[in-house]
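Before any comments, here is the structure.
The values are calculated or read from the model by the stated rules, or taken from the named source; none is laboratory data. Worth saying up front: this structure is predicted, and the values here are computed from it rather than measured. Because the Cβ atoms are built from the backbone with ideal geometry, glycine has one as well, and the counts that use them run over all protein chains shown. In case anyone asks, the SASA skips ligands and DNA or RNA and just uses the protein heavy atoms, side chains included. Shrake-Rupley method; radii C 1.70, N 1.55, O 1.52, S 1.80 Å.
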Amino acid sequence: MKISLNWLKDYVQLDASVDELSRAITFLGFEVEQVIRTGAPKLSQVFVGEVLVRDKHPNADKLSVCQVDVGPAGGVKTIVCGAQNYQVGDRVPVALAGAVLPGDFVIKQSKIRGQLSDGMMCSAKELGVSEDAAGLLILDGRPALGTPINAVLPPGDVVFDIEITPNRPDCLSHLGLARELAAWFRQPLVYPQERFHGELPGASHPELLRNVAVLSPEDCPLYTAHVIKGVKIGPSPAWMQQRLQAVGLRPINNVVDVGNYVMLETGQPLHAFDARKLGGQEIVVRRAADGEKIVTLDGKERALTSRMLVIADATRPVVIAGIMGGENSGVSDDTTDLVLECAIFRRQSIRWTSRRLGLSSDSSYRYERGVDPHSALEAAYRAVDLIIETAGGHVVGPAYRLGGDVPWQREIVVTHGYICEKLGFEIPAPEMRASLEALELGITREEPTPSRGPAWTVSIPSWRDDLDRPIDLVEEVLRLHGTDRIPSATVLSPGLVGDDDPVVLFNRRVTDYLVGHDFHECVNYTLRSAREISTWVSQTAAAELGLSNPFIDDQSHLRPTLIVGLLETLRLNQSRGVPVSRLCEVGRVFIEHNGQNFECAAVGFVIAEPVGERRWLARNAGDFYTAKKHVTALAAAAGIDLARQPLVPAAGPYFGWQEGHSAAAGEMAAGWTARFGLLNLAMVKALGVEGKVYAGIFAVLPEKLAADTARRRYADFSLLPAALRDLAVVVDAAVPAEDVRRTVAKLTRTALNHAFALESIEVFDVYQGKGLPDGKKSLAFSLVFRSTERTLTDDEVNAVFQRVQDEVTKTTGWQIRK
């Protein structure tokens, strides 16, 4: 926000230098991004002159040869000029030979189209006063000839470009920042004095405004309207134009300028209607209808929705509430009767509408951050005074005030000892009290306490809604005391030994693993679109994951998986021709289970077929087992042995995966879940990703990571040789190999009866075809036996192996393939 120093001086006496003011603003908690100096710089050899003669240039149609008297500064000079906005007798700035104008433009005596010119008559832009370069600067008041131009031009200004923090909307105004500086320099603050206080001496004129209705009071807790009759639209006074121009606003007319002036002075946005343009002489504050349209002041037609608040007349919306007026509702050159609006709108509604329409204004900027409803009427009265002063007219009835009847009262009790304890050093109680009172935080009661000094009951003004706890007052005291005055001291702190949070440790381990396997780490938004989420979870789950008040449609749902974000990243890289095939991400996901959302720590990855790469040796990017291997390693980082967990096909409720080529393990009831395999080919293609994509994701509840786990201890191993046996079993083709492996392992351990150990059992061959009945397959397993005490003999191993074969055929109905 731009703040004018000259404007600030209307409210508080500031004799400090610009550097001291910048330092004060910074220590008060605001960042000074830039200091801009306006007005004419110190100019030498530039004087007041009067045009005595203006003749046409003999060699140029658009130039004139003038005789200009600069008085004691040099007498009568001949000057060639191309401007057209002056006449004989006008007094203008004259730069003589040797003058240096802004931009290091040196004035010399020279010939212009064959005619000698002794200098230059200047425009406002050439003097650095303003951007007006349309013609010469005509000096008002007929200053004395030969007067140095700096003595005639208005003094310059200093403008501070300040970043106001979101919690301090009260400082989005000159009066708000003046209040802060008055407290810092311990100077009195002078408030503008209103002459109008709501009285209506004239007769009522219902033909100008018949009715005001607020149909959405939750979005508009306060709405006021005052009627001013008999105004005359014209330019605003020079002092007001200078104030607005200093902070970057273009003057428009006296009524519009008053609205902008009061907004920049008090922080309260206003809007002036032409009374005769209000259909039915009625104002209705309501929600728009879906599809309703309005053409705003920028000339664009905008389609509205039922979540957007508008100010309407009896027939149509005329203003997008708190953001921008309609093209045909504001004042024009022939306006004579006004309706002045001053209102408070719910900040969430303004923010949502502004983002949805892509439309922002000075008004919406303030409403989004919060406007003090208890100072709104004072701003309205101030605007009425200035309109009558600059445009004439008088206030007539009826006046309307709807809402705003909730009184403000907030008090915080804090002790001197509490503030000193939190600061870590002593500040005298009188200085603390003076600091609070300088910020207009009134002390309504002071009581002594036995050990903590005086206890103050502090009354919080309505514009300081950010103050609601004793610790907030500690910050206020420190701001005015100055953080640069905090005494230096040795920091004494006990050394604490502790591990990082389990989630952090998990994230670190899995990231190191994946990056070490040539994956590129990504970071995507936690919020995703409804369309995207629908490809991954059921409608019920999507409804549970939806936000009740999303800012934008593309970020309306909590993400249930990391895979969709990685696919988007993959598509972006493929479209840019970047040869990346392995991506990973670590972050939070939200998994719906039985109507409840669980926030999980998750890690995911995708492995894509190389697209467009030219290599001398083509290599397979990965397959189902590659994804399984990585998910097994990721689960192990959370203490989960995936090899001991049952796997099921990722079908049915598991959206996004290709049936028959993907698997799932775990569930939220156990505190974790895993999915891996080939992603749904149609989904991948619809997202614009080329080729097959294998993926994996592991999600675990944080408390599962934090649970105490037994430390892994060294276990002795056998140095004796193993005994190997192969077993081929004929089963139905639909039976998963893992189910067969687990059954054979269980029967083998029963047959062993602890005589020695079954060290492992693994599938090494799968066969379907000639020699087997239709619908059957052969699974071949390698069994490894070992003892820790002796070398196993063939006889004892064969005896066990035979019992295993007998039990398989007896209990399962499977056939042993010889």
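Scanning segment 390-420 for residues that are among the β-branched types (Val, Ile, Thr) and under 39 Å from the mean Cα position of the chain (by Cα), we see that the one that is nearest to residue 224 (Cα to Cα) is 406. Applying the criterion of at least 2 residues that are within 30 Å of residue 463 (Cβ to Cβ) and open to solvent by less than 10 Å² (accessible area, probe 1.4 Å) to the strands (runs of 3 or more DSSP E) found wholly in segment 247-321 leaves 282-287, 309-312, 317-320. If you go through segment 65-76 and pick out every residue that is within 60 Å of the chain's Cα centre (by Cα) and either modelled with pLDDT under 95 or more than 23 Å from residue 106 (Cβ to Cβ) (or both), you end up with 2. Considering the conditions (1) open to solvent by less than 40 Å² (accessible area, probe 1.4 Å); (2) over 29 Å from residue 269 (Cα atoms), residue 177 is excluded by exactly one of them, (2). From the list 33, 20, the lone residue that is in a strand (DSSP E or B), open to solvent by 40 Å² or more (accessible area, probe 1.4 Å) and farther than 20 Å from residue 142 by Cα is 33. Counting only helices (runs of 4 or more DSSP H) that sit wholly inside segment 447-537, those with at least 1 residues that are open to solvent by less than 70 Å² (accessible area, probe 1.4 Å) and under 30 Å from residue 180 (Cβ atoms) are 470-481. Looking only at segment 211-245, count how many residues are surrounded by fewer than 16 Cβ atoms within 10 Å (Cβ to Cβ), within 30 Å of residue 347 (Cα to Cα) and touching a Gly at 6+ places or on another chain (Cβ under 7 Å). Residues flagged as surrounded by fewer than 16 Cβ atoms within 10 Å (Cβ to Cβ), within 30 Å of residue 347 (Cα to Cα) and touching a Gly at 6+ places or on another chain (Cβ under 7 Å) within segment 211-245 amount to 1.
Elements of the type strands (runs of 3 or more DSSP E) sitting completely within segment 651-769 and holding at least 2 residues that are open to solvent by 60 Å² or more (accessible area, probe 1.4 Å): these cover 657-667, 723-732, 757-767.
In segment 731-757, the residues that are under 15 Å from residue 649 (Cβ atoms) reach residues that are in a loop (DSSP other than H, G, I, E, B) with C-beta atoms within less than 7 angstrom, at least six apart or across chains, in these pairs: 733/768; 733/775; 738/647.
Name the single residue, out of those in segment 545-583 being among the β-branched types (Val, Ile, Thr) and touching a Phe, Trp or Tyr at 6+ places or on another chain (Cβ under 8 Å), that is surrounded by the most Cβ atoms within 10 Å (Cβ to Cβ). That would be 563. Residue 777 fulfils the conditions (1) among the basic types (Lys, Arg); (2) in a strand (DSSP E or B); (3) closer than 24 Å to residue 644 by Cβ except for a single criterion, (3). Every test in (1) within 32 Å of the chain's Cα centre (by Cα); (2) of a type outside the set (Gly, Ala, Ser); (3) under 30 Å from residue 194 (Cα atoms); (4) open to solvent by 30 Å² or more (accessible area, probe 1.4 Å) is passed by residue 356 save one, and that test is (3). Residues in segment 582-611 that are of a type outside the set (A, V, I, L, M, F, W, C), over 26 Å from the mean Cα position of the chain (by Cα) and modelled with pLDDT of 90 or more: 582, 604. Looking across segment 413-430, the residues that are in contact with a helix residue (DSSP H, G or I) (Cβ under 8 Å, 6 or more places away or on another chain) and in contact (Cβ under 8 Å) with a residue 24 or more places away in the chain come down to 413, 414, 416, 418, 419, 422, 423, 427, 429. State yes or no: is residue 578 in contact (Cβ under 8 Å) with a residue 24 or more places away in the chain, farther than 20 Å from residue 504 by Cα and in a loop (DSSP other than H, G, I, E, B)? So residue 578 fails the test.
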